[in-house]
Amino acid sequence: MIEFLSYEFVQHALIIGVALAISASLLSPYLVLNQQAMISDGLAHVSFAGIVLGVLLSNQPLWVAIPFVMVASLLIKYLATTKTINGDAAIGLVSSVSFALGLILIKKGQGFSISIESMLVGNIFTATIADLILSLFITVLIALFVVFFYRKLFLITYDETYAKFSKVPVQLLGYLLSLLTAFFIVIGVRTIGTLLISALVIFPSVISSQLTKSFKDTLMIGIMSSLVIVITGIMIAHPLEIPVGSTIVMLYAIVLITTLIIKPLIRR
């Protein structure tokens, strides 16, 4: 085990995994409890097109993918505020068009050297120093955002009407949350994969809400459970030579099923 941890790529994977776990857990309650969980899945599909476009246009695809996905997140948020398109439809429209664009670019683009499989499932063990730095950067940004706007975000999550009455800048905070989610998703797609990154956002609050009714406890339990699951997933996946993202999602599923089973017993 000590020899395993001595490898630099494993150390980088653990640092990125911890950063992504914290970021996802901080975003989770504000998206899941506000019924916006699927925006993470939609943006994951958008990021597929963004990364493909970045690979074709630049040696640093993230610098193209990040603004691309951020613009898409603002578009989804804007469409969801219109009276003719609801939130789920806005996510579906933008994500499906983006994913289709990505597939077309792969088919017609010249010099595309990244396998589609690696983009769909990710590989945290091949992450670069740039990925590590960006993972830490987005974690700090999200943490500062949550700490600074904690009460306002809490009000928006549970009672948006009262939040507006209390003069909370609901739309501004909503757009900022969408931008941070987009940034997180792009980084996560590179390491966890397009198909699996949304699970990191959805599971923490779903699991923790089975065990507590306190918002603060939901947030804290989500963080702690995610850290344990992500680190365990990385430690298990490498020796077994299985995808890290898939391992983490399966562990999340096992923990969720366990909490659903023990929840009635706790209430007794």
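The values are calculated or read from the model by the stated rules, or taken from the named source; none is laboratory data. A quick note: this is a predicted structure, and the numbers were derived from the prediction, not measured. Cβ sites come from the backbone with ideal geometry, for glycine too, and all protein chains shown count toward neighbours.
A compact table of results
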quantity	calculated
Scan of the stretch 236-252 for residues that are assigned to a helix (DSSP H, G or I) and either without any contact (Cβ under 8 Å) to a residue 40 or more places away in the chain or touching an Asp or Glu at 6+ places or on another chain (Cβ under 8 Å) (or both), ordered by number	Ile236, Ala237, Leu240, Thr247, Met250, Leu251
Unique residue being in contact (Cβ under 8 Å) with a residue 40 or more places away in the chain and within 19 Å of Leu260 (Cβ to Cβ) when the list is Gln171, Gln210	Gln210
When residues of the stretch 217-246 are limited to those that are polar (S, T, N, Q) and buried (at least 21 other Cβ atoms within 10 Å of the Cβ), the one nearest to the chain's Cα centre (by Cα)	Ser226
Selection count where residues are under 17 Å from Leu93 (Cβ atoms) and touching a residue at least 12 places away in the same chain (Cβ under 8 Å), scope the stretch 21-76	21
Scan of the stretch 77-89 for residues that are touching a residue at least 12 places away in the same chain (Cβ under 8 Å) and surrounded by 17 or more Cβ atoms within 10 Å (Cβ to Cβ), ordered by number	Lys77, Leu79, Gly87
One residue from Val52, Val69 being under 28 Å from Thr218 (Cβ atoms), part of a helix (DSSP H, G or I) and either modelled with pLDDT of 80 or more or basic (Lys, Arg) (or both)	Val69
Residue in the stretch 90-110 that is farthest from the chain's Cα centre (by Cα), counting only those that are exposed (fewer than 14 other Cβ atoms within 10 Å of the Cβ) and small (Gly, Ala, Ser)	Ala100
Only one of Ile223, Ile197, Ile202, Ile254 that is closer than 18 Å to Ile16 by Cα, of a type in the set (A, V, I, L, M) and at pLDDT 90 or above	Ile223
Any hit, the stretch 153-161, residues being in contact with a Lys or Arg (Cβ under 7 Å, 6 or more places away or on another chain), at pLDDT below 90 and surrounded by 16 or more Cβ atoms within 10 Å (Cβ to Cβ)	no
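Rundown of residues vs (1) under 21 Å from Leu153 (Cα atoms); (2) surrounded by fewer than 23 Cβ atoms within 10 Å (Cβ to Cβ); (3) modelled with pLDDT of 80 or more; (4) aromatic (Phe, Trp, Tyr), yes/no style:
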residue	(1), (2), (3), (4)
Leu14	no, yes, yes, no
Val18	no, yes, yes, no
Ser23	yes, no, yes, no
Leu27	yes, no, yes, no
Ile39	yes, no, yes, no
Phe48	no, no, yes, yes
